[in-house]
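What follows is one structure encoded as structure tokens, with my remarks underneath.
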Amino acid sequence: MITTLAPARALAWIPRGLALGLLAFVIFGPLTNLGLWAVAEKWYFPHTLPLQYGFSFWERVFAPRSNAMASLATSVTIALLTVAACLAVSVPAGYALARLRLPWRGAILLAFLLPQAFPSVAVYINVARIFYTLGLNGTVAGVVLVHTVHGLVFSVWITAAAFAAVDRSLEEAARDMGAGPLRTFFGITLPLAAPGVMASSIFVFLESLDEFTGTYFVGVPDISTLPLLMFNAGMGGNFQIAAITALILLVPSVGFMLVIERFLKADVLAKVGH
Amino acid sequence: MSELHVENLTVAYGGSRVLNGVSLHVRPGEFVALLGSSGCGKTTLLRAVSGFVPVDGGRIAIAGRDVTKAPPERRDTAMVFQSYALWPHMTTAQNIGYGLKLRRWTRPRIAERVAEMLRLLKLDGLADRNVTQLSGGQRQRVALGRALAIDPDILLLDEPLSNLDARIRLELRHEIRALQQRLGITAVHVTHDREEAMVMADRIVILNAGVIAQIGTPEEIYRRPASAFVASFLGADNVVPLQATRTERTLEIAAGPDHDAVSLPLGGDGAQDGAQVEMPGSGPVAAHFRTESVRLASAGHTPPDALVLRGRITQAAYPGGRWRYGVAVGGTVFLVDDDDRRTVGDAVAIVIPPSALHCFPLRREAAGTA
């Protein structure tokens, strides 16, 4: 039966195969390069592959007193503080946007998007200027503030969508049973919106972990995060250190993205930005 | 078991009045159904009683206590929602026990009460099941258990059966009624299903456009609808315009193009088999009758003591039990049930016994729609 198929049919997989191959190369090419650099001891032009493999750079990066470990600690601290700051704003703001009849609702949602709309370098240079006068430059608090403004858009939009996806009758049932508004919020609404709030927190965490421009202008030289370390290593021609740092940054990104995929349900996604 | 007083209640949403001076007294232990088509204000009335809808005027009192301004959590009502409104992050037992937890019952007492509710509602063995794993009928039972567990003053049922399969709906209908009678709880039930209201309620409140059209027992509203609207809403939606004169004992109907003059006995006040006439003196009336309370006879046949309309069969269907015919009389098609099998095109007579007639004064606009 199969042999009777027209030859054109039999060859139809070729363009699709080529397209998939190209896509795979675009995605995995740089990643392969990264992987190779992470385990290369010696690699210089004109050789296509490293001349010698080994883990000596890993030992340097993971040495207890290395810059990398200190930067990782700073990065994670800043990211966690940013998540906390974002939650402090987005939980009340998201609930208000989802439940109350606010005038200018659309405008408020849009306002959180504004920080992303302007050229970031211009914004952060001016932020840095202002922070200088306030003494916030080069402090963890300053960097956390910058990251928070950046992360609020995910945080507020997704949190508002998560609250909007909670059926109102579930809250009414709790009020009807005798729970006050606060009790209803913490006992019913928040637990039901938790997956969405969690997803938004992960977004904020990852954004903060990867953030470079703001940290560069506000934090340098006192604050060194992993992206800054990677930048310095890359600029200094130290590709092994840069590659290993990038891999460290990749782990939480990929891991959390898999988690987000499970947390963010279609009913929440459908309400983002509404 | 408590009484509910609603006095002259007015509710408006954004300028338009949804309830317009509704007064209602539900006696302790009584089951009252609020019946009406969508948009008549029945759900709004229920939500005003439970405290979810702000009231513009009037007064609501539960067990003698004025709760007009009280938030939902300060009213001792328990609502069963159309959408079940069970909390998906809690088990069956946690859902039922939530109200008791709020009332600071001890854990063993809550467990005991929850077990009692599960037994009562035939949900044994489902205590630790996640509510999302239950069937529709089971979910609504859990919702009922949650409402009954706190032993509320008033049980409010907001179309609790309309999301269920037909068979489970019938089953739960009788179960809810039996439970309500056994526990002696006061209940207010919202529905758009006429039969559901008739089967379940002690008294039915028919709402139309934000006002009460009629309050009465199922038999009262069925036999003596207070208005043409109620008559039509309760199935007497065949309407024939007549010229009639009411005397002390009879209704004298003048001859028309499709019927002869006839004199029928009057009903009401004990007389079960006479015509209902809501009009003094004489004039045009809209005579309502039900599809199932009249029968057909061969053309020319004129039984005494009945209004006979001459017509022709235009449609026939067999819904089960009896045949249902569309009979054209003049320009109007009436639906009539009959035991015999007949042919489309046959000339027939619709025989309307006096007890099947509900006559209301005919207004011009009613004449237009008849």
Report summary line: Buried by partner chains in the stretch B:52-68 (accessible area down by at least 40 Å² vs chain alone, 1.4 Å probe, heavy atoms, protein only) are B:52
Query raised in the report: Roughly how tilted is helix B:92-102, in degrees to the nearest 10 and between 0 and 90, from the longest Cα axis of chain B?
Result: 70
**Report entry** For chain B, share of DSSP beta bridges that run antiparallel, in % to the nearest 5
**Finding:** 75
Query raised in the report: To the nearest 10 Å², what's residue B:298's accessible area with a 1.4 Å probe?
Result: 70
Query - Share of carbon and sulfur in the accessible heavy-atom surface of chain A [1.4 Å probe, %] - result: 72
Report task. Filter the trypsin sites (Lys or Arg not before Pro) in the stretch A:188-271 to those in DSSP coil with at most 15 other Cβ atoms within 10 Å of their Cβ, and list the result. Result -> A:265
Query raised in the report: Sorting A:60, B:167, B:74, B:324 by accessible area (1.4 Å probe), largest first, what list results?
Result: B:167, B:74, A:60, B:324
Query - Share antiparallel - DSSP beta bridges, the protein assembly as shown, percent rounded to 5 - result: 75
Requested in this report: Compute the longest continuous run of chain A that contains no exposed chymotrypsin sites (Phe, Trp or Tyr not before Pro); treat a site as exposed when its DSSP state is not H, G, I, E or B and it has at most 15 other Cβ atoms within 10 Å.
Outcome: A:105-211
Query raised in the report: Once phi is turned into ³J(HN,Hα) by the Karplus curve 6.51 cos²θ - 1.76 cosθ + 1.60 with θ = phi - 60°, what whole-Hz value does each residue of the stretch A:91-97 show in order, with x for glycine and proline?
Result: 5, x, 5, x, 5, 4, 5
**Report entry** Cα-based Rg / Dmax (Å) for the stretch B:84-134
**Finding:** 10.4, 28
Report summary line: residue A:129 and residue A:238 label points (each 7 Å along its Cα→Cβ direction) are spaced in nm at 3.4
Report summary line: Heavy-atom accessible surface buried between B and A, both sides counted, 1.4 angstrom probe, nearest 100 Å², is 1700
Requested in this report: Determine the principal axes of the Cα atoms in chain B, then give the extent along each, sorted from largest to smallest and rounded to whole angstroms.
Outcome: 78, 45, 39
Query - Alpha-carbon radius of gyration plus Dmax, which is the widest Cα pair, for the stretch A:2-54 in Å - result: 18.7, 55
Query raised in the report: Taking the Cα centre of the protein assembly as shown as the origin, how large is its charge dipole in debye, to the nearest 20, when only Lys and Arg (+1) and Asp and Glu (-1) carry charge on their Cβ atoms?
Result: 1240
Query - Cβ charges +1 (Lys, Arg) and -1 (Asp, Glu), total dipole of the stretch B:4-223, debye - result: 560
Query raised in the report: So, counting K/R as plus one and D/E as minus one, what does the shell of residues with Cβ under 13 Å around residue A:171 add up to?
Result: 0
Report task. Specify the inter-centroid distance of the stretch A:80-149 and the stretch A:173-246, based on alpha-carbon positions, in whole Å. Result -> 13
Query - Folded to 0 to 90 degrees: helix B:136-149 orientation relative to chain B principal axis, Cα - result: 60
Query - Per residue accessible area of the stretch B:114-226, 1.4 Å probe, in Å² - result: 41
Report task. Please go through the stretch B:143-235 and write out the GluC sites (Glu not before Pro) that DSSP classes as loop and that have at most 12 other C-beta atoms within 10 Å. Result -> none
Requested in this report: Under 1.5 on a/c is rounded, so check that first for chain A, then, if it is not, pick prolate when a/b is larger than b/c and oblate when it is not; a ≥ b ≥ c are the square roots of the alpha carbon gyration tensor eigenvalues.
Outcome: oblate
Query raised in the report: Measuring with a 1.4 Å probe in the full set of protein chains, what accessible area per residue, in whole Å², belongs to the stretch A:2-54?
Result: 82
Query raised in the report: Share of chain B's accessible area from carbon and sulfur, percent, 1.4 Å?
Result: 47
Query raised in the report: If you take the charge dipole of the protein assembly as shown about its Cα centre, with +1 on Lys and Arg Cβ and -1 on Asp and Glu Cβ, which of A:134, B:191, B:88 is farthest toward its positive end?
Result: A:134
Query raised in the report: About the Cα centre of chain A, what is the dipole size in debye to 20, counting +1 per Lys and Arg Cβ and -1 per Asp and Glu Cβ, all else neutral?
Result: 360
Report summary line: Those residues in the stretch A:152-179 that give up at least 30 Å² of accessible surface, probe 1.4 Å, once the partner protein chains are present instead of the chain by itself are A:169, A:170, A:172, A:173, A:175, A:176, A:177, A:178
Requested in this report: Please name which of A:203, A:143, B:299 has its Cα lying farthest along the dipole of the protein assembly as shown towards the positive end, using unit charges on Cβ (Lys, Arg +1; Asp, Glu -1) and the Cα centre as origin.
Outcome: A:143
Query raised in the report: Counting only DSSP beta bridges with both residues in the stretch B:4-223, what percent are antiparallel, rounded to the nearest 5?
Result: 55
Query raised in the report: How far is helix B:166-183 tilted off the main Cα axis of chain B, in degrees rounded to 10, range 0 to 90?
Result: 70
Query raised in the report: Among B:179, A:165, B:210, which residue has its Cα positioned farthest towards the positive end of the charge dipole of the protein assembly as shown, with +1 placed on the Cβ of Lys and Arg, -1 on the Cβ of Asp and Glu, and the dipole taken about the Cα centre?
Result: A:165
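The values are calculated or read from the model by the stated rules, or taken from the named source; none is laboratory data. What you are looking at is a predicted structure, and each value in this text was computed from that prediction instead of being measured. A quick note on method: Cβ atoms are made from the backbone with ideal geometry, for glycine too, and the neighbour counts reach across all protein chains shown. Keep in mind that these areas ignore ligands, DNA and RNA; they rest on the heavy atoms of the full protein, side chains included. Shrake-Rupley method; radii C 1.70, N 1.55, O 1.52, S 1.80 Å.
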